[in-house]
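The values are calculated or read from the model by the stated rules, or taken from the named source; none is laboratory data. Just so it is clear, the model here is predicted, and its values are computed rather than measured. A quick note on method: Cβ atoms are made from the backbone with ideal geometry, for glycine too, and the neighbour counts reach across all protein chains shown.
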Amino acid sequence: MAKGARRAEGALIDALRARAAGGVEVAAGPRAADLTVRLARVDDLPAVAAELTGPRAMALATLVATDETATPDGAFAVRYLFEPTAAGVDRFVTLLVAVDPAHPEVPSITRTIPAANWHEREMRDLFGIVPLGHPDPRPLVVHDGWPADCFPLRKSFDPAQRLAHLEAPEFPHVVAEGEGLFEIPVGPIHAGIIEPGHFRFTSAGERVLHLDARLFFTHRGMEKRMEGLTAAEGLVVAERICGICSVAHGLGYAEAVEQIGGVEVGERARLIRTIALELERLYNHIGDIGNVCAGAAFHYGTATGARLKESLQQLNERLTGHRFLRNLVVLGGVAFDLPMALQDDLAATLGETLAGFDSLVARMEANPSLVDRLDTTGLLSHRAALDLAVAGVAARASGVDRDARRDHPHAAFALPEPLALNVITRTEGDTMARVMVRVGEVRESIRLIGECVRRLAPGPLRVDLPEVLPGGRIGLAAIESPRGAAVHWLRTDSGGRIERYHLRSPSYANWPAVALAAESAIVPDFPLVNKSFELCYSCTDR
């Protein structure tokens with residue numbers, strides 16, 4: 001570590017110690033630049049967390065609760081992971097607190113760190129750890145009829161048991177009262193072929209005053225399913241958390257495992273992983289732009305976006321045998337090579353895609369009714385994006401210059417000679433800005449894929465991991481998916497199997513921002529706001 005970095009780290013540790021009246025214990029984190037700060041007193045959590053998000057300009061990346069009651073400590077543990085908001089700084093700082101199982105309570109930090117809202121509610125639902133003082137006591141993950149005092153991520157919970165469905169009162173939605181106000185319930189079952197989510201609007205005429213969103217109708221217990229699996233078995237589950245982010249989730253899980261196993265993936269494999277990651281971004285972004293056109297009844301854009309996306313997914317199938325690029329990422333590398341014939345196919349298809357895409361964008365920008373619908377609709381301010389720890393396109397469209405490809409390097413972005421990335425940002429924070437960030441990223445992804453192909457040199461596609469992973473180790477990876485950084489946290493048990501796995505998907509981080517952005521729209525424009533975020537239900541619900 002350079003002298004300046006050591007001084008900065010020392011200043012950070014001194015500041016955290018000054019905030020913790022009960023003292024702290026500082027240890028190395030999962031990766032070389034990371035820190036783990038164990039608080040002696042749980043009551044010091046709000047002050048220490050405020051130091052990180054205030055003077056240290058960090059954001060809450062994720063929260064991981066674990067059941068460690070069978071260990072000598074005999075407690076639950078909660079880890080609050082923070083990351084810098086400054087560009088190009090690769091670090092996670094973990095605040096670790098122990099929680100007495102007899103009184104499973106921690107002070108809530110949501111009032112000062114709004115990004116903690118969902119994390120704390122989920123911790124309460126799945127572990128029974130109560131965030132004292134949380135402003136919204138409603139359940140998040142468990143739904144009506146779930147038995148009280150039944151916490152599915154505690155080790156004592158048997159996932160094979162069949163629980164009785166209990167009668168429950170109607171879910172307490174936020175209610176606004178006043179003359180001329182209307183409530184408009186939408187969902188959870190929708191007319192389109194999408195997963196379930198309930199949206200309850202309060203409106204005055206067409207103007208949206210408040211949106212109360214309720215998700216987790218398809219919670220599958222995937223983190224519980226991971227417990228006790230081998231690393232190879234876990235990859236199958238991680239890759240299927242979300243159908244349209246299979247490369248990003250598979251890669252995040254694989255890099256966390258490879259970190260634990262202490263292996264370095266070869267350059268050719270990293271480049272092929274990156275090509276797949278950018279192809280996944282391409283077909284998602286182009287499809288998303290077409291979906292925004294659908295929300296504005298610009299049918300040419302809808303059809304063109306669908307046609308270009310279909311061409312890319314057919315290319316995916318020729319490259320990997322799967323339209324969603326599934327099964328390409330394996331532990332230690334990739335399963336498929338990219339021979340010269342496929343490189344030629346890739347170049348030809350991307351050339352045709354870029355020409356068609358540029359034509360589509362030109363027609364969109366020349367359509368005044370479309371531009372009018374997108375401009376100033378669904379505003380998300382820079383401050384709100386930081387407060388809510390918004391990720392990906394939505395953050396960059398509000399002026400937050402963060403991209404995990406640069407800031408938490410992975411795949412070919414972590415090579416000794418990393419790929420150079422042009423991070424696309426806007427400052428307007430509206431639906432048009434989110435569309436235009438995607439436009440820039442489509443062109444950048446095509447450039448990156450070309451650079452990866454040019455840099456391909458002979459080399460191994462896969463390296464072997466240890467037959468049994470080291471026990472009690474933590475792996476941590478952040479991968480820039482089409483929707484933003486997906487943060488994967490993984491720990492092995494004493495036998496090298498998965499003891500705890502947690503995913504903070506970018507959709508999970510961004511859903512609260514959709515509700516906020518909707519307040520600058522009218523009801524007919526909410527589909528545009530929603531589609532400009534284009535979030536995933538599946539990897540939110542997990």
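At-a-glance table
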{"item": "Segments classed as helices (runs of 4 or more DSSP H), wholly inside the range 289-405, with at least 1 members that are assigned by TED's automatic domain parsing to the domain that holds THR427, over 26 Å from LEU419 (Cα atoms) and out of contact with any helix residue (DSSP H, G or I) (no Cβ under 8 Å at 6 or more places or on another chain)", "result": "299-320, 340-365, 368-374, 382-387"}
{"item": "Unique residue being β-branched (Val, Ile, Thr) and either surrounded by 12 or more Cβ atoms within 10 Å (Cβ to Cβ) or closer than 30 Å to LEU52 by Cβ (or both) when the list is ILE193, ILE113, ILE189", "result": "ILE113"}
{"item": "Residue that is of a type outside the set (Asp, Glu), at pLDDT 95 or above, touching an Asp or Glu at 6+ places or on another chain (Cβ under 7 Å) and assigned to a helix (DSSP H, G or I), where the choices are ARG438, ARG447", "result": "ARG438"}
{"item": "Counted residues, the range 365-409 - those being among the small types (Gly, Ala, Ser) and at positive phi", "result": "4"}
{"item": "ALA294 being in contact with a strand residue (DSSP E or B) (Cβ under 6 Å, 6 or more places away or on another chain), surrounded by fewer than 24 Cβ atoms within 10 Å (Cβ to Cβ) and within 27 Å of ALA518 (Cβ to Cβ)", "result": "no"}
{"item": "Subset of the range 9-61 [over 23 Å from ASP90 (Cα atoms), at pLDDT 90 or above and charged (D, E, K, R)]", "result": "ARG41, ASP43, ASP44"}
{"item": "Condition check for ARG542: among the basic types (Lys, Arg), surrounded by 19 or more Cβ atoms within 10 Å (Cβ to Cβ), outside the structural domain of SER398 (by TED's automatic domain parsing) and more than 30 Å from ASP344 (Cα to Cα)", "result": "yes"}
{"item": "Residues that are small (Gly, Ala, Ser), closer than 20 Å to ALA86 by Cα and within 26 Å of the chain's Cα centre (by Cα), drawn from the range 12-67", "result": "GLY29, ALA32, ALA33, ALA49, ALA50, GLY54, ALA57, ALA59, ALA61"}
{"item": "PRO159 vs. criteria loosely packed, with under 11 Cβ neighbours inside 10 Å, closer than 21 Å to ARG542 by Cβ and at pLDDT below 85", "result": "yes"}
{"item": "Residue under evaluation GLU444, criteria (1) within 20 Å of the chain's Cα centre (by Cα); (2) free of Cβ contacts under 8 Å to residues at least 60 places away in the same chain, criterion not met", "result": "(1)"}
{"item": "Enumeration of residues in the range 355-387 that are under 17 Å from the mean Cα position of the chain (by Cα) and more than 17 Å from GLU534 (Cα to Cα)", "result": "LEU386, ASP387"}
{"item": "Test: residue in the range 243-261 that is assigned to a loop (DSSP other than H, G, I, E, B), surrounded by fewer than 24 Cβ atoms within 10 Å (Cβ to Cβ) and hydrophobic (A, V, I, L, M, F, W, C)", "result": "no"}
{"item": "Of residues in the range 375-389 being buried (at least 24 other Cβ atoms within 10 Å of the Cβ) and touching a Ser or Thr at 6+ places or on another chain (Cβ under 7 Å), the one farthest from ARG207 (Cα to Cα)", "result": "ALA385"}
{"item": "Hits in the range 1-37 - residues which are without any contact (Cβ under 8 Å) to a residue 60 or more places away in the chain and of a type in the set (Lys, Arg)", "result": "LYS3, ARG6, ARG7, ARG17, ARG19"}
{"item": "Pairs where the first residue, in the range 156-173, is closer than 27 Å to PHE76 by Cα and the second is among the basic types (Lys, Arg), C-beta under 6 Å, 6+ apart", "result": "PRO159/LYS224"}
{"item": "Search result, residues across the range 390-441 that are without any contact (Cβ under 8 Å) to a residue 40 or more places away in the chain and either among the polar types (S, T, N, Q) or buried (at least 20 other Cβ atoms within 10 Å of the Cβ) (or both)", "result": "SER398, ASN422, THR425, ALA433, MET436"}
{"item": "Qualifying position, being in the same structural domain as GLU264 (by TED's automatic domain parsing), charged (D, E, K, R), buried (at least 24 other Cβ atoms within 10 Å of the Cβ) and not in a helix (DSSP H, G or I), among GLU467, GLU480", "result": "GLU480"}
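Results for (1) out of contact with any Lys or Arg (no Cβ under 6 Å at 6 or more places or on another chain); (2) among the acidic types (Asp, Glu); (3) not assigned by TED's automatic domain parsing to the domain that holds GLU68, shown as yes or no for each residue.
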| residue | (1), (2), (3) |
| --- | --- |
| HIS119 | yes, no, no |
| MET123 | yes, no, no |
| ASP144 | yes, yes, yes |
| PHE151 | yes, no, yes |
| SER156 | yes, no, yes |
| PRO159 | no, no, yes |
| GLU170 | yes, yes, yes |
| HIS173 | no, no, yes |
| GLY178 | yes, no, yes |
